[in-house]
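This report concerns only the one structure given below.
The values are calculated or read from the model by the stated rules, or taken from the named source; none is laboratory data. If you're wondering where the values come from, they're calculated on a predicted model, not measured in any experiment. Reconstructed Cβ throughout: ideal geometry from the backbone, glycine too, with neighbour counts over all protein chains shown.
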Amino acid sequence: MQRIFRKADIIFLGFSCLWIFIACSIYKDSQKADRLSPPDTTIEQIFTIENSAAPFNVKVWTDKNRFQIGEPITFYLSADRDCYITLLDQGTSGTLRVLFPNPYQRDNFIHAGKTYPVPGLEAGYEIRVDGPPGIERVKVIASLNRSQLPVEISDRFYELSPRDGDRIRDLILSVKKMPDQQWTQGYLELHILAPEETETGHQRKLKPKRPDKPVDIIGTPGAIDRDD
């Protein structure tokens with residue numbers, strides 16, 4: 001068979017090949033983007049969930065809203081009802097960390113009207129600010145009943161990176177399933193500064209330390225420095 005193409009056919013085929021090339025390039029670029037771009041929008045949902053019908057209030061705060069890298073930091077929690085607390089922290093790296101409960105403070109029940117520090121005064125660990133500079137976001141979720149949030153407390157702080165999409169979605173769904181009359185939330189932003197800067201925060205560096213006095217730590221204490 002002779003292969004005879006008219007000029008129009010050649011032009012048409014040329015455009016067809018061009019469109020196929022463009023489509024393949026777009027597909028490859030999208031696959032590459034999926035591999036490289038973390039699903040930040042998923043974590044963002046945790047910080048946008050609100051309960052407008054909350055029957056009580058919870059508050060999280062620190063003694064200031066600007067910290068330099070390397071500084072120790074203490075969070076304070078208070079609620080006007082007895083409740084169970086989950087304290088979430090997201091650094092500028094995108095990692096979401098559960099600061100409370102944790103391996104050193106496993107009991108997350110607090111009494112109404114009282115202020116609870118995290119870390120506790122004799123909890124046996126400390127939290128220090130780590131870089132790079134940026135905005136640190138903190139959210140507290142308080143429930144009247146012991147919540148069924150899928151948070152695993154073992155011998156280390158529970159963390160979720162932006163690539164842990166399934167576990168993050170499980171956490172979001174667990175919060176959304178809680179009855180409105182059973183939970184509330186609080187929010188806090190912190191500015192984390194380089195030592196020489198005066199503005200702008202990141203994830204915390206959790207550095208266990210040897211307590212001045214012996215403490216009764218439930219569970220595995222983790223990497224607490226010990227004297228030889």
- prompt: Which of the residues spanning segment 50-90 are at pLDDT below 90 and of a type outside the set (Gly, Ala, Ser)?
  reply: Ile69
message: Of everything in segment 136-176, what is closer than 27 Å to Pro55 by Cβ and not aliphatic (A, V, I, L, M)? Give them in sequence order.
response: Arg137, Lys139, Ser143, Asn145, Arg146, Ser147, Gln148, Pro150, Arg169, Asp170, Ser174, Lys176
message: Considering only segment 74-88, I want to know if a residue exists there that is in a loop (DSSP other than H, G, I, E, B), assigned by TED's automatic domain parsing to the domain that holds Tyr125 and buried (at least 18 other Cβ atoms within 10 Å of the Cβ).
response: no
- prompt: Any idea which of Gly113, Gly134, Gly186, Gly124 is on the phi > 0 side of the Ramachandran plot, modelled with pLDDT of 95 or more and of a type outside the set (Asp, Glu)?
  reply: Gly113
query: Mind checking whether some residue in segment 101-122 is surrounded by fewer than 19 Cβ atoms within 10 Å (Cβ to Cβ), within 17 Å of the chain's Cα centre (by Cα) and farther than 26 Å from Ile49 by Cβ?
result: no
- line: The correct count of residues that are closer than 30 Å to Pro179 by Cα, part of a loop (DSSP other than H, G, I, E, B) and among the acidic types (Asp, Glu) in segment 104-158 is 2
